[in-house]
Amino acid sequence: MGNPIAASKPTITNVYRRQRLRRMVRNKWLYIMLLPGLLYFIIFKYVPMYGLLLAFKNYQPFLGFVDSEWVGLKHFNRFFGDPLFWKLLSNTFILAAYNILFFFPLPIILALMLNELRSQAYKKWIQTMVYIPHFMSWVVIVSIAYLFFTTEGGLVNEAIASMGGEKVQFLLSPGWFRTFITGEVMWKETGWGTIIFLAALAGVDTQLYEAAKIDGAGRMRQLWHITLPAIRSTIIILLILRLGNFLDTGFEQIFLMLNSLNREVGEVFDTYVYTTGISQGEYSYSTAVGLFKSVVGLVLVFGSNFIAKRFGEEGIL
Amino acid sequence: MVKETSWASRLFDIFNIIVLAVIALVTIIPFIYVVAGSFATQRELLEKGFILFPTEFSLEAYKYIFSTSTLMRSLGVTIFITIVGTLINITLTCLMAYPLSRRDMDFRSPIQLLIIFTMLFSGGMIPTFLVVKELGMLDTYWSLLLPGAISAFNLIIIRSFFQQLPPDLEESAKIDGASDPGILLRIVIPLSLPALATFSLFYAVGHWNTYFSSILYINDSTKWPIQVLLRQIVMLSQGGSLGDTSSLESNFIPPDQAVKMAVIVISTVPILIVYPFLQKHFAKGALLGSVKG
């Protein structure tokens, strides 16, 4: 205690603390404003995270959360031992792969085409039209798909029938399920997806094009050597984000398209959590399934972010 | 710009214009078909199959819908949820975004970290359901309003937006004796109106289209939003064996094609009407969203 340096240290901290306290009193309104939001995050985000402990318990409603018995990894063992686990995993992966293969490039191509338009008015028109489906709910999109493809008076099947063909069970057959899921996403989100690429394209230095023209580059060469490299990093970042959310195949859409006949190829982790948890009331087991999904998702986000940085990109975290 | 007039370039332009027109039509025609069909008679629909403009204009489907209590009630629920929900969203988001935008506030970064973490990891469906249940919100409108009251993503963007405003404005307001809530209300919010309008639209679209949370939290069919009813009418009334039809009211008659289409129109058009008014802003808003917070 006799050491003057050691003795002066706490006083500096004290001064700092006192300053902070004074600042906090002066800023009291800021904390009051912050309060409702903080409560929201605690109640609806952090309490459910604490509730994940249910996955390690045998939840019984009459005992409540605290008194229910601990069972360790029992639910996880049951889930991983179930052949359904592999089914869910492969269904999720195939849908996600379809999404990246068939949907992901579309907004880029569309943005490039829009960017080549010379008439700004025409560009605006096209954009206005292709954005619209983004604002429709999945229920509406799936309903429209039903109206077109059902065997009972659906437009497409009526057309097939009038040409003497056999009606196709588009909505009930497992073979069509993935095509429909991917097709609907394309229809709904391609236009909206162009926004970010168009913004990136707007930032390209026009002098580059002038220079290329003088060097005799045609439009295809300009596209290849100037436009595409300019949006490369945007493409990579979005691809990484997509990989990070790999397991989040559009849940609501799948839920709506799912029926007893295509469940074989359509059931994914989220829909399974809903069926076992909410419909059948197996809270602990389905919480375990949900926790598995969340953890894998988190690993994917960090993993893809790591890869992004390896590629010399900024990453998202 | 140097004008290009080479044949290849012209050909490319023409090709591009045509393909884009086709894409736009493919996007919009299914919806136009549904709108047209909702004004057509059942006979014309059956005869022609595909119409983009009904020759016998009929309001029968809409008359039928507006005479049913079920549909009107659902529409009322959706309008209520959308208005009240959006007000709650934007109020809570602004209230939280403003303090977080202030560099002189303590504990700013730990709180932000706490918020960002919820974007990466969550308790998931079942624990959230149990929290809502424990709070006694099942079968109340609160369950549709509160669990999604703030989007962490929108919050971070609005905070960044507030942060860009020149701090001098706040300084001078403070010298004039304004309190922090006063600054938010009289300076920050008026200056951010375009951004806030955009995010209100995003929140409003979310509420209007809300489907799954109602399936999860609302068993009472008198409190169903329009989207849930739409699914019952279009998807579950046909095929019989599809999905769970148990919750469908037994006295509900299986509607004809035009009625189904009219329900789709009613559950889509009101929110689409808002969109042109905000269109010039949302590209900017969505863009802000893509930039790292």
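What FRET efficiency, computed as 1/(1 + (r/R0)^6) with R0 = 56 Å and r the Cβ-Cβ distance, is obtained for A:LEU38 and B:PHE50, rounded to the nearest 0.05?
Using R0 = 56 Å, I get an efficiency of 0.55.
Could you order A:ASP67, B:ASP176, A:ASP270, A:ASP205 by accessible surface area, starting with the largest, using a probe radius of 1.4 Å?
Sorted by accessible area, descending: B:ASP176, A:ASP67, A:ASP205, A:ASP270.
In units of 2.2 N^0.38 Å, what is the alpha-carbon radius of gyration of segment B:1-151?
Compared with the compact-globule rule of thumb, segment B:1-151 sits at 1.76.
Using a 1.4 Å probe and ignoring any ligands, DNA or RNA, find the accessible area of A:MET129 and quote it in Å² to the nearest 10.
So the heavy atoms of A:MET129 present about 40 Å² to solvent.
Taking the solvent-accessible surface of protein heavy atoms with a 1.4 Å probe, what is the per residue accessible area of segment B:38-143 in Å²?
For segment B:38-143, the solvent-accessible area averages 48 Å² per residue.
Considering every Cα-Cα pair within chain A, what fraction, in whole percent, is farther apart than 36 Å?
45
To the nearest 10 square angstrom, what accessible area does B:LEU114 show with a 1.4 Å probe?
About 80 Å², rounded to the nearest 10.
How much accessible area per residue does segment A:221-292 have, counting only protein heavy atoms and a probe of 1.4 Å, in square angstrom?
Computed with neighbouring chains in place, this is 37 Å² per residue.
Could you compute how fast chain B diffuses translationally, taking Rh as the Kirkwood radius over C-alpha pairs and applying Stokes-Einstein at 10 °C with viscosity 1.306 mPa s? Give it in µm² per second.
69
Between B:GLY37, B:MET261, B:LEU193, whose Cα lies farthest towards the positive end of the dipole of the protein assembly as shown when Lys and Arg beta carbons carry +1 and Asp and Glu beta carbons carry -1, centred on the Cα centre?
Value computed over the given set: B:LEU193.
How much length, in nm to one decimal, is gained on full extension between B:LEU114 and B:ASP168, taken as 0.36 nm per residue of separation minus their Cα-Cα distance?
16.5 nm
For B:ASP13 and B:MET72, what is the calculated FRET efficiency with R₀ set at 51 Å and r taken between the beta-carbons, to the nearest 0.05?
My answer for the efficiency is 0.50.
State, to one decimal in nm, how far the label point of B:THR140 lies from the label point of B:ILE29, with both points 7 Å from Cα in the Cβ direction.
5.0
Could you pull out every whole DSSP H run in chain A that spans at least 15 Å of Cα extent along its own axis and averages 0.0 or higher on the Kyte-Doolittle scale?
Span-like helices in chain A: A:28-41, A:83-98, A:105-116, A:138-149, A:174-202, A:228-244, A:283-310.
Which residues in segment A:44-77 place their backbone N less than 17 Å from a point set 7 Å from the Cα of A:ASP248 along the Cα-to-Cβ direction?
A:45-46, A:49
Using Cα-only point scatterers and the Debye equation, what is log10 of I(q)/I(0) for segment A:1-133 at each q in 0.09, 0.13 Å⁻¹, rounded to two decimals?
-0.83, -0.92
Please tell me which of these pairs span more than 21 angstrom C-alpha to C-alpha: B:LYS133/B:LYS223; B:LYS260/B:LYS280; A:LYS124/A:LYS188; A:LYS188/B:LYS48; A:LYS124/B:LYS260; A:LYS188/B:LYS223?
B:LYS260/B:LYS280; A:LYS188/B:LYS48; A:LYS124/B:LYS260; A:LYS188/B:LYS223
Rule-of-thumb check for segment B:37-108: C-alpha Rg over 2.2 N^0.38 Å?
Ratio of Cα Rg to 2.2 N^0.38 Å: 2.11.
Across 20 Å bins from the origin, how do the percents of Cα pairs in the protein assembly as shown run, short distances first?
16, 48, 30, 5, 1, 0
How high is the relative contact order of segment A:142-241, given as a whole-number percent (alpha carbon pairs under 8 Å, six or more residues apart)?
16
Have a look at A:MET257, A:THR275, A:GLN222 and report the one farthest towards the positive end of the charge dipole of segment A:215-301, computed about the Cα centre with Cβ charges (Lys/Arg +1, Asp/Glu -1).
Of the listed residues, the answer is A:GLN222.
Provide the buried accessible surface between chains A and B in square angstrom, both chains summed, 1.4 Å probe, rounded to the nearest 100.
Accessible area lost upon association: around 8600 Å².
Name the residues of segment A:164-187, by number, that are at least 30 Å² less accessible with every protein chain in place than in the isolated chain; the surface is that of heavy atoms, probe 1.4 Å, without ligands or nucleic acids.
Buried-area filter returns A:TRP187.
Order the following by accessible area, largest value first: B:TRP7, A:TRP29, A:TRP125, A:TRP187. Probe radius 1.4 Å; ligands, DNA and RNA are ignored.
Largest to smallest exposure gives the sequence B:TRP7, A:TRP125, A:TRP29, A:TRP187.
Can you work out D for segment B:123-246 in µm² s⁻¹ from Stokes-Einstein, where Rh is the Kirkwood radius over C-alpha pairs, the temperature is 20 °C and the viscosity is 1.002 mPa s?
Approximately 120 µm²/s, per Stokes-Einstein.
Considering Cα pairs under 8 angstrom that are at least six residues apart, work out the relative contact order of chain A and quote it in whole percent.
23
Using a basic spin-label model with each label point 7 Å from the Cα along Cα→Cβ, how many nm lie between A:TYR46 and B:LEU278?
For the pair A:TYR46/B:LEU278, the computed spacing is 3.0 nm.
Run the 1.4 Å probe and let me know the accessible area of B:LEU59, rounded to the nearest 10 Å².
80
In segment B:34-50, what residues drop by 10 Å² or more of accessible area when the other protein chains are put back, versus the chain on its own? Use 1.4 Å, and skip ligands and nucleic acids.
By number: B:VAL34, B:GLY49, B:PHE50.
Inside 10 Å of the C-beta atoms of B:77-86, what's the mean count of C-beta atoms belonging to other chains?
That average works out to 0.
Is there a simple number for the mean count of other chain Cβ atoms within 10 Å of the Cβ of residues in A:149-155, and what is it?
Rounded to a whole number, the mean comes out at 4.
Take the solvent-accessible surface of the protein heavy atoms, probe 1.4 Å, and return the percent of it on the protein assembly as shown that carbon and sulfur atoms account for.
67
What is the calculated FRET efficiency for B:ALA197 to A:PHE102, with r their C-beta to C-beta distance and R₀ = 25 Å, to the nearest 0.05?
After rounding to 0.05, the efficiency reads 0.15.
Expressed as a rounded percentage, what relative contact order does chain B have, with Cα pairs under 8 Å and six or more residues apart?
It comes to 29 percent, rounded to a whole number.
222 nm [θ] for the protein assembly as shown, helices only, -39500 (n - 2.57) per DSSP H run of 4+, per residue, to 500?
Calculated from helices alone, the mean residue ellipticity at 222 nm is -21000 deg cm²/dmol.
Which helices, counted as full DSSP H runs in chain B, have an axial Cα extent of no less than 30 Å and a Kyte-Doolittle average of -1.0 or above?
B:7-38, B:69-101
Would you rank B:ILE187, A:ILE181 by solvent-accessible area, highest first, keeping every protein chain in place and using a 1.4 Å probe?
Listed by decreasing accessible area, they come as B:ILE187, A:ILE181.
Quick check for me: using +1 on Lys/Arg Cβ and -1 on Asp/Glu Cβ, what's the dipole size of the protein assembly as shown about its Cα centre, in debye to the nearest 20?
2040
The values are calculated or read from the model by the stated rules, or taken from the named source; none is laboratory data. Predicted, not measured: the structure shown is a model, and the values here were computed from it. Note that each Cβ is placed from the backbone with ideal geometry, even for glycine, and that neighbours are counted across all protein chains shown. Side chains are part of the model used for accessible areas, which takes the heavy atoms of the whole protein and leaves out ligands, DNA and RNA. Shrake-Rupley method; radii C 1.70, N 1.55, O 1.52, S 1.80 Å.
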